[in-house]
Amino acid sequence: RPASLVGIRLPDGETKVLRSSTRAEVPRGVISAPEAVTWKNTKGLDVHGFFYPPTNADFTGPEGELPPLLVLSHGGPTGMSPPGFRPANQYWTSRGFAILDVNYGGSAGFGRAYRERLRGTWGLVDVDDCATGALAMADAGRADRSRLAIRGGSAGGYTTLSALTFTDVFAAGASHFGVGDLEALAKETHKFESRYLDGLIGPYPEARDVYVERSPVHHVDRISSPLILFQGADDKVVPPNQAEAMADAVRRKGLPVAHIVFEGEGHGFRKASSQKRSLEAELGFYARIFGFTPADDIEPVPIDNLP
């Protein structure tokens with residue numbers, strides 16, 4: 001039972017569980033265990049992450065076919081993504097996706113020099129590390145090169161949008177309350193993070209040109225991949241107009257795009273119904289883009305510009 005446990009170890013070596021954080025039981029046959037992986041980015045520096053292979057004891061993929069890969073770009077951006085049991089990861093791996101959870105340069109947990117890689121380079125280092133990681137997994141024969149996708153929320157959503165804009169590695173992406181316009185974020189975000197961007201990009205407005213240059217919304221002509229965006233209507237950290245502007249820009253270019261707004265949600269979805277819908281809608285989106293039929297009974301996702 002994958003859960004947080006409170007227990008005691010008895011004299012005979014057995015463990016007695018006193019309290020569990022959940023009563024949910026997950027069959028071992030659908031649990032994908034993380035594997036620590038390392039690859040080189042374009043500067044030849046080591047990048048770290050965790051690979052979760054597709055795992056489901058009741059199903060196997062078509063013979064000779066590699067799985068689609070979902071690259072995860074964590075939020076923060078100076079946080080980290082540790083290994084462990086996360087139901088959302090198992091949702092994807094039990095449905096045939098491989099996952100690469102990237103701790104790009106700037107992530108905590110790998111020493112000061114690693115953390116300092118993101119100083120002034122947000123939108124560059126993180127994007128490169130995610131893109132090279134996806135390619136490394138494909139080159140190693142662990143993922144289908146033609147079905148590489150990237151997803152992330154908040155700062156990870158910015159990395160996702162930037163990767164879709166400034167690289168040609170990914171065939172699709174999902175931004176959850178992600179940043180498309182850095183200048184708008186600098187002007188409108190909440191007080192707690194009002195100077196966070198100084199160290200990641202540069203002081204605003206002195207470095208305004210850099211903010212514009214690294215904002216995906218200003219370079220939508222370079223996007224060549226379908227995109228789905230999820231947003232909370234009451235988000236005070238990344239205002240909803242960010243997702244609206246990005247969706248409008250992609251729509252005008254004629255690319256497949258879906259934009260789902262959850263009323264009563266802020267920065268991150270708290271309602272079970274919102275979490276469930278966002279996961280299923282994202283799976284449905286990939287199904288339409290990659291051309292497969294999910295086993296789940298999913299409410300159709302409205303996608304503009306889909307042939």
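The values are calculated or read from the model by the stated rules, or taken from the named source; none is laboratory data. It should be emphasised that the depicted structure is a prediction, and the values quoted were computed from it without experimental measurement. Positions of Cβ are generated from backbone atoms using ideal geometry, with glycine treated the same way; all protein chains shown enter the neighbour counts. Note: accessible area is taken over every heavy atom of the protein model, side chains too, but ligands, DNA and RNA are not part of it. Shrake-Rupley method; radii C 1.70, N 1.55, O 1.52, S 1.80 Å.
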Centre separation in Å (Cα based) which lies between the stretch 129-180 and the stretch 43-81: 11
Whole-number accessible area per residue in Å² for the chain, which is evaluated in the context of all protein chains at 1.4 Å: 48
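Tell me the relative contact order for the chain as a rounded percent, counting alpha carbon contacts under 8 Å between residues six or more apart.
12
For a quick protection proxy, order the peptides 55-67, 117-129 by their average other-Cβ count within 10 Å, most packed first. Walk me through the numbers on the way to the answer.
Numbers: 55-67: 11.8, 117-129: 22.5.
The densest-packed peptide leads the list: 117-129, 55-67.
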Angle between the chain longest axis and helix 272-290 axis [Cα atoms, degrees, rounded to 10]: 80
Cα shape, the stretch 1-154, gyration tensor, a/c 1.5 rule: oblate
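Rounded, prolate or oblate: which fits the stretch 95-134 when a ≥ b ≥ c are the square roots of the eigenvalues of the alpha-carbon gyration tensor, with rounded for a/c under 1.5 and prolate only if a/b beats b/c? Intermediate results must be reported in sequence, preceding the final value.
Working: a/c = 3.59, a/b = 1.83, b/c = 1.97.
In terms of gyration-tensor shape, oblate.
Ignoring ligands, DNA and RNA, please state the percent of accessible area on the chain from carbon and sulfur, probe 1.4 Å.
Working: 7700 of 14660 Å².
Carbon plus sulfur share of accessible area: 53 percent.
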Helical mean residue ellipticity (222 nm; -39500 (n - 2.57) per DSSP H run of 4+; nearest 500) of the chain: -8500 deg cm²/dmol
Local net charge near PRO226, Cβ-Cβ under 13 Å (Lys/Arg +1, Asp/Glu -1): +3
